[in-house]
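The values are calculated or read from the model by the stated rules, or taken from the named source; none is laboratory data. Bear in mind the structure is a predicted one, so any value in this text is a computation, not a measurement. When we count neighbours, we look across all protein chains shown, and the Cβ atoms used for this are built from the backbone with ideal geometry, even at glycine. Accessible surface areas use protein heavy atoms only, side chains included; no ligands, DNA or RNA. Shrake-Rupley method; radii C 1.70, N 1.55, O 1.52, S 1.80 Å.
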Amino acid sequence: MADADRRHGAEAQRLLEDARHEKNWKRWGPYLSERQWGTVREDYSEGGACWEYFPHDHARSRAYRWGEDGLLGICDREGRLCFALALWNGKDPILKERLFGLTGPEGNHGEDVKECYYYLDATPTASYLKALYKYPQAAYPYARLVGENRHRGKLEAEFELADTGIFEGNRYFDVQTEYAKAAADDLLIRITISNRGPDAAAIRLLPTLWFRNTWSWGRTGEGYWPRPRLALEADGTVLAEHASLGRFRLAAERAPERWLFTDNESNAERLWKLPNGHPHVKDAFHEFVVAGRAEAVNPQGTGTKAAALYAFEISPGASVSVRLRLTAEESRPSAPFADFERTFSTRVFQADEFYQSALPAKLPTGDRQVTRQAYAGLLWSKQFYTYVVKDWLEGDPGSPTPPSRRSGRNSDWPHFYARDVLSMPDKWEYPWFAAWDLAFHTVAFAKIDPDFAKEQLLLLLREWYSHPNGQLPAYEFAFGDVNPPVHPWACWRVYKMTGPRGKRDRLFLERTF
């Protein structure tokens, strides 16, 4: 590994430090899902109708039980503290906090995300990440996309967002989001919004920081932490305090119109016509920005969800940028933006250096660009995944008892316990792992991060994932489904691909057996 480390430069050194547990470079990454609603984990219905039980319309108002989602976001490897974007063009009926798509029954080809977004670059330690979202300047056509696709047959083409004419005349914003790590617990965030249209256009940007709700379910122990706290400090930063994660600070270089605070709690009044147990709930920022309800947010400047509100009028062809920094309290710099651009430039250079060496030297330039962006998609699709089947089957003390599941979905997998970062096929259509997809992914990962490839293969073989009868869990919709035997093939391929002949990782191979 030493020669390879020297070849690949600073990023390979970070991988080595992380593997040796010298520095926790992978603690933060693009592990935030882009869809948590409509998943099996969030489904407590009697018949297992996950799409209907937790629809997109509930997502802005209802606290998730088993995860979080957001737009081009990041979180720590246990999904405790999350960061993502929210947008409003002044015309949409809702705040754009997550990607929209059709449910399985709505789409003529099944579930299907209906947005234009692109993963542009990424390194294995997430020392540099870059992604792009195209946000229309006209009202997003939610109802038209659902209606048109619903009546199309399986033999007809899907009705896509571009087919609605929403992007005609280039009337959209390019929202580019970049992350760079100055250190393992020091994240620089740069958001650049460009007006591609012919006229000046208004947009509101809400960079949002929040805690995953682990305190409302009546459970204690590992993975269930007491209510954390976000608070606006006198210096204009937001202090985040968590029993397990510690203390972090979010600083914004450009002063926002104001900071907004609320709690990541369900809006029971909107969802179920019941009194809210808390005055400031999850959809408060939507209510404040879109509905104009000033009382929706917490005037005390505290909560478990916070956002910096910016309002921009952007000229045709012009761009605006917002720079933020999320840093562990004990290591935050006195001047958080003094070295900001230099750090970004360094990380971009090091990403170039890494892929220059990691990809075959004879690969043509165009193929190198395609391959590198393909790796960006693979790296961005890592997700934090938690699912404790025993707790899911039983229900929570703080919630109504779910219907009997003794013979239903995953009922014979009560041992299954996941709280990990996993390689997933997609962050919207597959916000859950699929065993054979993951196995294929590891063969690709072996080229750029062999340690992660091995960890993923071994994880699914552990006793808290695999069944006592030896079966690997297939996927969330039915762990007991049978998949082709890709896993042993992937274990053998990763073994053969990593390490020079005669120095391969025999211990890894032994552990797979």
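Using only Cα atoms, what Kirkwood radius does the range 61-155 have, in angstroms? Write out the running numbers ahead of the final one.
Numbers: mean 1/r = 0.0642 Å⁻¹.
Averaging 1/r across every pair of different Cα atoms and inverting gives 15.6 Å.
Per residue, the convex hull spanned by the Cα atoms of the range 319-473 measures out at 220 cubic angstrom. Using θ = phi - 60° in the Karplus curve 6.51 cos²θ - 1.76 cosθ + 1.60, the 3J(HN,Hα) couplings for the range 269-286 round to 5, 6, 7, 10, 6, 10, x, 6, x, 9, x, 10, 10, 4, 8, 4, 5, 4 Hz; x is entered for Gly and Pro. Expressed as a whole percent, the accessible area of the range 422-482 that falls on carbon and sulfur atoms is 56 (1.4 Å probe). For the range 409-469, applying the loop criterion from DSSP together with a ceiling of 13 other beta carbons within 10 Å to the trypsin sites (Lys or Arg not before Pro) yields 462. Per the Cα gyration tensor, the range 139-288 maps to an equivalent ellipsoid with semi-axes of 35, 25, 17 Å, ordered largest to smallest. When the P(r) of the range 409-479 is calculated, the portion above 13 Å amounts to 65% of the C-alpha pairs. On the principal axes of its alpha-carbon atoms, the range 273-381 has extents of 64, 38, 36 Å, going from largest to smallest. Accessible surface area normalised per residue over the range 19-150 is 28 Å², counting heavy atoms of protein chains with a 1.4 Å rolling probe. When the inverse distances between all different Cα atoms of the range 205-246 are averaged and flipped, the Kirkwood radius reads 11.8 angstrom. Solvent exposure of the range 190-344, expressed per residue, is 42 Å² of accessible area, with all protein chains present and a 1.4 angstrom probe.
Summing +1 for each Lys or Arg and -1 for each Asp or Glu among the other residues whose beta-carbon sits under 14 angstrom from that of residue 430 gives -4.
With Cα atoms as the point set, the range 153-223 shows a radius of gyration and Dmax of 20.3, 56 Å.
Counting only protein heavy atoms and a probe of 1.4 Å, the accessible surface of the range 266-371 is 53% carbon and sulfur. Percent of alpha carbon pairs in the range 204-324 separated by more than 21 Å? In whole percent, the share of Cα-Cα pairs in the range 204-324 beyond 21 Å is 45. With all protein chains in place and a 1.4 Å probe, the accessible surface of the range 87-174 carries 51 percent carbon and sulfur. Extents of the range 74-215, largest first, come to 50, 39, 31 Å (Cα atoms, principal axes, whole angstrom).
How much accessible area per residue does the range 364-511 have, in Å², with a 1.4 Å probe?
47
Hydrodynamic radius of the range 11-134 by the Kirkwood approach over all distinct alpha-carbon pairs: 16.4 Å.
Which whole-number percent gives the relative contact order of the range 129-225, counting Cα pairs below 8 Å spaced six or more residues apart? The partial results should precede the final answer.
Values: 101 pairs, mean separation 25.6, N = 97.
The value is 26 percent.
Grouping the Cα pair distances of the range 323-393 into 10 Å bins from zero gives a pair-distance distribution of 14, 27, 26, 21, 11, 1 percent in increasing distance order.
Considering only alpha-carbon pairs that sit under 8 angstrom and 6 or more positions apart, the relative contact order computed for the range 271-405 is 8 percent. Each Lys or Arg adds one and each Asp or Glu takes one away; over the other residues whose Cβ falls under 10 Å from the Cβ of residue 454, this sums to -3.
Hey, what did the chain get for relative contact order, percent, Cα under 8 Å, at least 6 apart? Please list the in-between numbers first.
Numbers: 1060 pairs, mean separation 82.7, N = 513.
Dividing the mean separation by the residue count of the chain yields 16 percent.
Report P(r) for the range 441-513: all Cα-Cα distances, bin width 10 Å, range 0 to the bin holding the largest distance, values in whole percent. That works out to 19, 50, 25, 5, 0, in percent per bin. Normalised radius of gyration (Cα atoms, divided by 2.2 N^0.38 Å) for the range 51-115: 1.23.
The share of alpha-carbon pairs in the chain lying farther apart than 36 Å comes to 31%.
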